[in-house]
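Inspection log for the structure reproduced underneath, given as structure tokens.
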Amino acid sequence: MHPQLALVNARLLDPATGGPLRHTALAVTTDGLIGALGDDRDIRALAGPTTTTIDLKGATVTPGLVDGHLHPVSGAELTHGLDLSGCADLDDVRAALARHKKTLAPGAWLQAWGLDPNVFGERPVEAAALAPVLDDVPALLLLFDAHSMLASPRALELAGVDGPHTFDQAAEVVCDPQGRPTGLLLEDAACALVERVAPQPTRAERRDRLAAALRAMAAAGLTGGHAMDANGDSLDLYRELDEAGELAVRLRVAPWCQPGADADAVRELIELQGTGGQLWHVAGVKLFMDGTIDNGTAWLERPDCHGESTHAFWPDPDTYTHVIGELHRAGVATATHAIGDAAVRHALDAVAKARAGAPGDVRHRIEHIETVPDDTVSRFAELGVVASMQPTHCCDFTRADHTDNWSRRLGEERAGRAWRCRDLWDAGAQVVLGSDWPIAPYPPLGVMAGARHRRPSRDLTLPPHGPEQALTGLEALRAMTVNAAYAAGEERVAGFIGVGARADLTVLGGDPAAADALELPDLDVRLTVLGGRITHRAADL
């Protein structure tokens, strides 16, 4: 049987060594696997009348790039509305809001995303800072971390939120000394109080936005992503797109396990494992050990400068440990959101206890790992815990001089050990890179570049934050290919170019491991192939 796709005149890159394979061409079988490697003549000879043959003109082919942490469905929803991520100060934010407000129909909600708390400077993050532009309009402004939002006075009024609330998890309606809400809502449970009265997109709108976001990801060179949620009807949306041939990115989905989950809920998560379709499947469970440093909901071993970030997301951390043990015994990999040093330590302790009780090759992982002390770094390799990190958070939301909100809250010692990619790599941990989109942009070349230069993407002339923690070009590539496959337990079929491997391929105009880190984001994405299906192709190819 003739191959469905043949790629010739290519430089096939081995991410294990950084060097090219001796072959210059490959063929893809009708079931989406690499069926043959060879020179151009060998592969052309295999082609038949139904084969699509593409001359890559010397372009570099890598195993498909995989984002180790992203939120496709919620990201497609949250990034609808006004983008505030480019605003540098409060004047910029007010001006952007005022312009957008003029486009709204009377009574319509103003929704925005990407608000950076650094724009508030020394002022508290509260709706009053954006007066008077928001005083008469219902508005929800999502902060960049997606763990908090600002609600305007009118939005709070419509939602009936007029004072503090008590929640089953670490969440807060922030109030002033008189008990009046300031507009700042911390964590999902608090945000939901106002979100539930805001206009919601139709299902068709949500489906179309998701499909468009995934197509854009493919155009940026992504072939896969580890989706860290399965909320609402996410799985139904993936199924629908997959069956329609519109799923442009292969997804490994980890549904959430929240505080309050009982034995039946944990059992349902276990039973959900392995379900899926051709290009998506449920694998693993996502848990939260804390919130974020920027909004004071992380779990730190010592309080931040405001006396905040002192508690775990799970009111009883021992219950989290028990759940990790139950999932481990069932062979279910876990991914725990742990940003603060106390959260990371507790998550590692939980895995250690689970492994002691039931040895086995279950690949647990910790997400984010923004600040940890020396004695924590070595434990990742010792326990076989994958370090899933998002270096662009360091690049775009902190500063080398530690004058940003994140660094000021932590102080010099803890801010000086930010995003320890280098130390974790050198200690033997499996480091996986991702974007956490919509928190940061998803283009994988930008993610790899950030892991190398550690500079703000909006101004690459500024100094790097912790340059000693930078990865090399080859390490960054491995983190989005080889290591991503390992974290998913797919190293036998993904993360390399070889016969029998999945034909998930990213084709670039240059070598991503050798390109200058500052120029890497501008490297041309020539072709993206998902299981032998072309999901992006440059116009001149």
Any hit, the stretch 124-132, residues being modelled with pLDDT of 90 or more, outside any loop (DSSP other than H, G, I, E, B) and more than 17 Å from Thr182 (Cβ to Cβ): no
Every pair of residues 6+ apart whose Cβ atoms lie under 6 Å, when the first sits in the stretch 44-69 and is in contact (Cβ under 8 Å) with a residue 40 or more places away in the chain while the second is outside any loop (DSSP other than H, G, I, E, B) and surrounded by fewer than 20 Cβ atoms within 10 Å (Cβ to Cβ): Ala47/Thr53; Thr60/Arg11
Extreme residue, farthest from Ala190 (Cα to Cα), among residues of the stretch 133-161 that are without any contact (Cβ under 8 Å) to a residue 40 or more places away in the chain and part of a loop (DSSP other than H, G, I, E, B): Val133
Any hit, the stretch 20-28, residues being surrounded by fewer than 24 Cβ atoms within 10 Å (Cβ to Cβ) and either under 30 Å from Arg203 (Cβ atoms) or touching a residue at least 60 places away in the same chain (Cβ under 8 Å) (or both): yes
Residue in the stretch 293-310 that is modelled with pLDDT under 95, in contact with a strand residue (DSSP E or B) (Cβ under 6 Å, 6 or more places away or on another chain) and closer than 27 Å to Gln469 by Cα present: yes
Among the residues listed as Val119, Val137, Val133, the single one being under 23 Å from Asp294 (Cα atoms) and among the hydrophobic types (A, V, I, L, M, F, W, C): Val119
Answer residue from the stretch 39-85, given it is open to solvent by 60 Å² or more (accessible area, probe 1.4 Å) and within 30 Å of the chain's Cα centre (by Cα) and is farthest from Glu491 (Cα to Cα) among those: Asp83
Every residue from the stretch 397-420 that is of a type in the set (Phe, Trp, Tyr) and either over 17 Å from the mean Cα position of the chain (by Cα) or outside any loop (DSSP other than H, G, I, E, B) (or both): Phe397, Trp406
Qualifying residue in the stretch 487-499 (condition: open to solvent by 20 Å² or more (accessible area, probe 1.4 Å), aromatic (Phe, Trp, Tyr) and part of a helix (DSSP H, G or I)): no
When residues of the stretch 500-518 are limited to those that are outside any loop (DSSP other than H, G, I, E, B) and either in contact with a Cys (Cβ under 9 Å, 6 or more places away or on another chain) or open to solvent by less than 20 Å² (accessible area, probe 1.4 Å) (or both), the one nearest to Arg452 (Cα to Cα): Leu508
Tally, over the stretch 421-475, of residues that are over 24 Å from Val362 (Cα atoms), in a helix (DSSP H, G or I) and open to solvent by less than 20 Å² (accessible area, probe 1.4 Å): 9
One residue from Thr223, Thr182 being closer than 30 Å to Ala129 by Cβ, in contact with an Asp or Glu (Cβ under 6 Å, 6 or more places away or on another chain) and of a type in the set (S, T, N, Q): Thr182
Single residue of the stretch 384-431 satisfying the filter (in contact (Cβ under 8 Å) with a residue 60 or more places away in the chain and among the aromatic types (Phe, Trp, Tyr)) that is nearest to Lys353 (Cα to Cα): Trp406
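The values are calculated or read from the model by the stated rules, or taken from the named source; none is laboratory data. Since the structure is predicted, the reported quantities are computational estimates derived from the model, not experimental observations. Neighbour counts are summed over all protein chains in view; Cβ atoms, including those assigned to glycine, are modelled from backbone coordinates with ideal geometry. Heavy atoms of the whole protein, side chains included, go into the accessibility calculation; ligands, DNA and RNA do not. Shrake-Rupley method; radii C 1.70, N 1.55, O 1.52, S 1.80 Å.
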